[in-house]
1. Quick one: angle between helix 93-103 and the longest Cα principal axis of the chain, in degrees between 0 and 90, rounded to 10, please.
2. Send over the semi-axes of the chain's equivalent ellipsoid, whole angstrom and largest first, taken as the square roots of 5 times the C-alpha gyration tensor eigenvalues.
3. Could you point to the residue in N66, G240, P39 farthest towards the positive end of the chain's charge dipole, with +1 and -1 charges on the Cβ of Lys/Arg and Asp/Glu respectively?
4. Just to be sure I follow the definition: excluding the sites themselves, where is the longest run in the chain that has none of the trypsin sites (Lys or Arg not before Pro) in a DSSP loop with at most 10 other Cβ atoms within 10 Å?
5. Within the chain, which is the longest segment containing none of the GluC sites (Glu not before Pro) that sit in a DSSP loop and have at most 11 other Cβ atoms within 10 Å?
6. Just to confirm my understanding: which cysteines in the chain have no other cysteine beta carbon less than 4.7 Å from their beta carbon?
7. For the stretch 155-178 and the stretch 1-69, what is the separation of their Cα centres, given in Å?
8. Could you give the angle, 0 to 90 degrees to the nearest 10, between helix 61-74's Cα long axis and the longest principal axis of the Cα atoms of the chain?
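Bear in mind these aren't lab numbers, they're just calculated from the coordinates by the rules spelled out. All values reported here derive from a predicted model rather than from experimental measurement. When we count neighbours, we look across all protein chains shown, and the Cβ atoms used for this are built from the backbone with ideal geometry, even at glycine.
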Amino acid sequence: MIDRIAAIYTTYRPDAAFRERVAPLAARCQAVIVVDNTPGGHDFGHCPELTLLQDGRNKGLGAALNQGIRQAREMGCDAVILFDQDSTPGPDFLQALADGLQSLGGQRCAVGPLMLDDSVLETSGLPEITPEVKARPVTCLATSGMLFPIGDLMPEDLFSEELFLDFVDFDWCWRMGQKGWRLFKLDNVPMAHRLGLAQRSVLGMHYHVPAPYRHYFQFRDTLRLLTFRHVPLYSKVRLGALLPPKFLVYPFILDRGLERVTWMLKGIRDFLLRRWSVGAAAARLQGGQSATSRSVTPQHPH
C-alpha cells in the first residue's frame with residue numbers, strides 16, 4: 001500500500017513561477033523535497049511547505065535524486081514522485097498516478113505520465129485526466145513525473161552519479177528492468193512539461209536545440225552507456241549511431257558551431273580519460289559562485 005509519498009524536485013536556477021508549479025502537490029504529499037543544484041544556492045524565500053536541501057553546488061541529476069530519496073526515507077515515506085523544475089502537475093495528478101501504481105500491484109513497479117510539451121498545449125490545452133487506468137508497458141520512463149516505491153531499493157538501485165544529466169533516467173530504467181521491475185506509462189494521466197530548449201526549424205522539420213555544453217555530456221555519457229552490459233543492444237546501436245551525424249552536421253546548421261564541436265571533443269576526451277560527473281563542464285555549471293550549505297525542514301509537515 002502506497003500511503004506516504006514524497007515529491008522530489010531538482011532545481012537549477014529556477015524561475016519565478018517555480019513555487020506556483022509546486023503548490024498543487026504541497027497539500028497532497030507527505031513532503032515536498034527540493035534538492036537545489038544552483039551554484040551558491042537559489043534564494044527560495046520563506047518556504048515552510050518545502051524541505052529544502054542545498055549545498056551550493058551542482059551535483060548533477062543522479063546525485064540530487066539520490067539525496068532526495070535518502071531524505072524521503074528519513075521522513076518515513078514509502079514512495080517518491082520525481083519532478084524537475086519545469087514540470088507542471090495538475091491538482092489530481094498525484095492521485096491518478098498513485099491509483100495507477102496501486103492497480104499494477106504497487107511494488108517493484110514504476111509509473112509515469114503521458115508527457116506533453118507546453119509549447120504544444122498553447123493551442124490545444126491539456127487533456128483531462130481520466131479515471132480508467134490506461135497503463136502501457138515501456139522500457140524507459142523520464143524521471144520527471146515518475147512514481148515508484150522506495151522500501152525495497154538497495155544501494156545499487158539508486159541513480160547513477162557518473163552520468164551527470166543525460167541518460168540518468170534511461171540507465172536507471174534499464175538496470176531496474178533487469179532486476180524484474182515493471183515500467184508503465186499511464187496514457188490517462190497527461191502532464192505539461194516545458195523542455196527548456198530552444199526550437200529550430202530546418203527544411204520544415206522542428207527540433208529542440210540544446211545549449212552547447214550539453215553536447216559534452218551527450219557524447220561522453222553516450223560512449224559510457226555503450227560499455228554497460230545492462231543497456232539493450234538496440235539502444236546501443238541507436239544511440240551510438242547518432243554521434244557521427246551530430247559531430248559532422250550540428251556545427252554547420254546550429255549557432256555557435258565551433259563551441260559545440262569543442263564540447264563534443266571534450267566529451268570524447270573525458271570518456272577516454274574516465275572523467276565522470278560534472279567533468280570539464282564544472283566551470284560552466286558551477287558559475288564561479290562560492291558554495292554555501294543550508295538545510296530547511298518544513299514547519300508544518302503534511
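1. Its long axis makes an angle of about 80 degrees.
2. 30, 23, 20
3. Checked the options; the winner is G240.
4. Result for the longest clean stretch: 1-228.
5. Numbers: sites that count: E128, E132.
Formally, the longest exposed-site-free interval is 133-302.
6. That list is C29, C47, C77, C109.
7. Rounded to whole Å, the Cα centres lie 20 Å apart.
8. Value to nearest ten degrees: 20.
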